[in-house]
Amino acid sequence: MKAMILAAGRGDRMRPLTDYVPKPLLPVAGQPLIVHHLEALRAAGIGEIVINTGHLGAQLPAALGDGRDWGVRIIWSPEPPEALETGGGIFQALPLLGPAPFLVVNGDVWTDYPFARLPAVPAGLAHLVLVSNPPHHAEGDFALAADGKVGEDGGPRLTFSGISMLRPELFADCKPGRFPLGPLLRRAMAVGQVSGEHYAGVWRDIGTPQRLAELDRELKECQGRPEGVSPWKSS
């Protein structure tokens, strides 16, 4: 299995920090956000990782190289500075990801989700990890039904975590260019081709400098506790 980390976005809400550093390289508890993903993916047995770059994109390969320092192989997928959005970025990287289903994770989230628990082969075109709605996104994104199907309606609305398993066939009718992933997922949901799960562990959307600072403080607190003792009740 291969994975893709989405790391090309501008991160406007994180300004002025992202005026000089790509959001996935912002440090938290002593290391860049994206390094946590590299370590977690390696722990799940995933050795080949595609990373797209856009805004200040040259900084990412300069910092991470070919991935050998983290026991993985990084394959770079450069995009224009304005980036191709989530859908366009994944579509451009499909030749690098190959014909099998692949894991995708947003580079600007932090989570303790165990990537190895994702289905290697989703039942439909996509499998999404959903989380409880954070205060800044109380309305959620999608509904999770009792049968595990994800749609616009039919169950409690939850927030898409940015973690998914996707089949390349999800992009069958796409053309190169800039476009979001959401409409493709909704089209697949309409024909029952998206499954999902509700993850109740730790997940943080690092969308503002304040949320970055909060995560940094929480992780440093965790590092100072005895092994196995977490500051997060949900984990």
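Here are some notes:
- For segment 86-169, dividing the convex hull volume of the Cα atoms by the residue count gives 118 Å³ per residue.
- In percent, rounded to a whole number, the relative contact order of segment 1-114 is 39, using alpha-carbon pairs under 8 Å and six or more apart.
- Rounded if a/c under 1.5, otherwise prolate or oblate - segment 110-158, Cα gyration tensor axes: oblate
- Cα-based reach from Lys149 at 20 Å (exclusive), listing aspartates and glutamates while leaving out same-chain residues under 8 positions away: Glu139, Asp141, Glu169, Glu197
- Sparsely packed chymotrypsin sites (Phe, Trp or Tyr not before Pro) within segment 17-119, loop by DSSP, other Cβ within 10 Å at most 14: Tyr20
- Applying the criteria of a DSSP loop state and at most 16 other Cβ atoms within 10 Å to the GluC sites (Glu not before Pro) of segment 23-122 yields Glu82.
- Spatial extent of the chain: Rg and Dmax, with the Cα atoms as the point set, Å: 17.1, 52
- Its relative contact order, with pairs defined as Cα atoms under 8 Å and 6+ residues apart, puts the chain at 23 percent.
- Rg/Rg_ref, segment 53-107, where Rg_ref = 2.2 N^0.38 Å and atoms are Cα: 1.17
- Gaussian network model of the chain, Cα within-10 Å springs - most flexible of Asp205, Asp108, Asp69: Asp69
Only the coordinates and a few stated rules stand behind these numbers; no lab work does. Please read all numbers here as calculations on a predicted model, not as lab measurements. Cβ: placed from backbone, ideal geometry, glycine included. Neighbour counts: every protein chain shown.
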